[in-house]
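The values are calculated or read from the model by the stated rules, or taken from the named source; none is laboratory data. Keep in mind that what you see is a predicted model, and the values were worked out from it rather than measured. Note that each Cβ is placed from the backbone with ideal geometry, even for glycine, and that neighbours are counted across all protein chains shown. To get the accessible areas, we keep the full protein, side chains included, count just its heavy atoms, and leave off ligands, DNA and RNA. Shrake-Rupley method; radii C 1.70, N 1.55, O 1.52, S 1.80 Å.
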Amino acid sequence: PDGTNINENCGSTHIEGLQDLVRREHLDVGFAFDGDADRCLCVDELGNVITGDHILYIYGKYMKERGKLDNNTVVTTVMSNFGLYKALDELGIGYAKTAVGDKYVYEYKQQNCRIGGEQSGHIIFSKYASTGDGILTSLKMMEVMMARKQKMSQLCEGLSIYPQVLQNVRVADKAEALANPEVQAAVDQVTAELGDTGRILVRESGTEPVIRVMVEAESEEICQKYVDMVVAKLK
């Protein structure tokens with residue numbers, strides 16, 4: 001009743017129990033929501049977690065196939081996986097990248113975009129709502145499964161999620177740390193070396209005195225190597 005244990009060992013923040021249930025009972029799909037049900041993550045019939053990036057891929061592709069993807073654009077945040085952008089490129093679908101937060105996704109989506117969201121499962125279907133709605137998201141995923149007569153895992157084919165390493169570095173002054181020439185040079189070097197095989201994102205936390213260093217690449221070892229290169233300059 002006090003709200004402290006509403007997501008204890010369940011929901012989108014503790015999805016392991018749902019994965020086990022789907023596997024054990026041989027279910028077609030599972031859905032996990034957060035406490036206020038504005039986020040939705042899925043579990044496919046194999047027990048794999050389907051993130052917000054997967055959902056954007058599945059429904060963005062479905063809309064394009066039906067001529068419903070206005071502006072041919074899916075709205076993402078800068079934290080969406082590099083693999084999503086590669087997959088959208090293959091489909092000929094454009095994308096926008098906003099700051100982290102569903103309010104920024106919605107602000108961009110007012111430019112006549114029909115779908116957008118976050119990796120965490122905040123998905124906005126602008127025809128129906130101006131915020132994330134987990135129940136609506138689950139219904140939309142089942143709609144595609146029924147229309148295409150495919151399993152959830154099959155709907156994800158064509159999307160390869162890249163390994164990601166994220167490290168937070170506590171700093172005295174976030175702006176000063178990001179402006180450090182050595183840090184900028186390290187970021188430029190990583191960007192050049194990754195080319196079109198991955199990406200690096202270095203940004204300030206909005207709530208803590210930390211800089212977040214994130215790299216996505218073809219292997220976790222490559223990610224860690226490049227994260228370490230930039231983190232060394234921040235310390």
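Nearest 0.05, what FRET efficiency do Ala192 and Asn168 give at R0 = 22 Å with Cβ-Cβ as r?
0.35
Using a Förster distance of 30 angstrom, determine the FRET efficiency expected from the C-beta separation of Glu25 and Tyr128, and round it to 0.05.
Computed FRET efficiency for Glu25 and Tyr128 comes out at 0.50.
On a full-extension model of 0.36 nm per residue, what is the gain between Glu176 and Asn48, subtracting their alpha-carbon distance, rounded to one decimal in nm?
42.0 nm
Kindly provide the trypsin sites (Lys or Arg not before Pro) of region 109-149 that DSSP labels as loop, not H, G, I, E or B, and whose Cβ sees at most 13 other Cβ atoms within 10 Å.
Loop-located and lightly packed - Lys127, Lys149.
Which residues' amide hydrogens lie under 5 Å from the amide hydrogen of Glu45, considering only partners 5 or more residues apart or on another chain, with H built in the peptide plane?
Answer set, sorted by chain and number: Met152, Ser153.
With the alpha-carbon atoms as the only input, what is the per residue convex hull volume for region 33-130 in Å³?
Residue-normalised Cα hull volume stands at 103 Å³.
Near the amide H of Val75, under 5 Å away, which other amide H atoms are found, from residues 5 or more places off or on another chain, if H is placed in the peptide plane?
For Val75, the qualifying residues are Ala96, Ile115, Gly116, Gly117.
Below 8 Å, C-alpha to C-alpha, sequence gap of six or more: please give me the relative contact order for region 45-148 in percent.
It rounds to 29 percent for region 45-148.
Want the number for Ala96 to Glu8: 0.36 nm per residue separation, take away the alpha-carbon distance, what's left?
Extending this stretch completely gives an extra 28.2 nm.
What order, most packed first, do the peptides 183-196, 152-165, 72-85 have when packing is the mean number of other Cβ atoms within 10 Å of each residue?
Going by the mean number of other Cβ atoms within 10 Å, highest first, we get 72-85, 152-165, 183-196.
Find the lysine pairs in region 83-188 meeting two conditions, Cα atoms under 25 Å apart and a separation of 8 or more places or different chains, and report how many there are.
Step by step, the pairs that qualify in region 83-188 add up to 18.
So what is the 222 nm mean residue ellipticity for the chain from helices alone, if each DSSP H run of at least 4 adds -39500 (n - 2.57) and you divide by all residues, rounding to the nearest 500 deg cm²/dmol?
Roughly -12000 deg cm²/dmol at 222 nm, from the helical runs in the chain.
If I compute solvent accessible area with a 1.4 Å probe over the protein chains, what percent of it on region 81-235 is carbon and sulfur?
It is 49 percent, rounded to a whole number.
Rank Glu216, Glu182, Glu208 by mean-square fluctuation in a GNM of the chain with C-alpha springs under 10 angstrom and give only the top-ranked residue.
The residue with the greatest mean-square fluctuation here is Glu208.
Rounded to whole Å, give me the distance from the Cα center of region 54-80 to that of region 153-206.
Spelled out, the Cα-based centre of one part sits 24 Å from the other.
How far, in degrees from 0 to 90, does helix 82-91 lean away from the longest principal axis of the Cα atoms of the chain, to the nearest 10?
Here the helix axis deviates by roughly 60 degrees.
Once fully extended, how much extra length lies between Ser153 and Leu139, figured as 0.36 nm per residue of separation less the alpha-carbon to alpha-carbon distance?
Full extension from Ser153 to Leu139 adds 3.4 nm.
Normalising by the residue count of the chain, find the relative contact order in percent from Cα pairs under 8 Å and 6+ residues apart.
16
What angle do you read, to the nearest 10 degrees and between 0 and 90, between the alpha-carbon axis of helix 134-148 and the longest principal axis of the chain?
70
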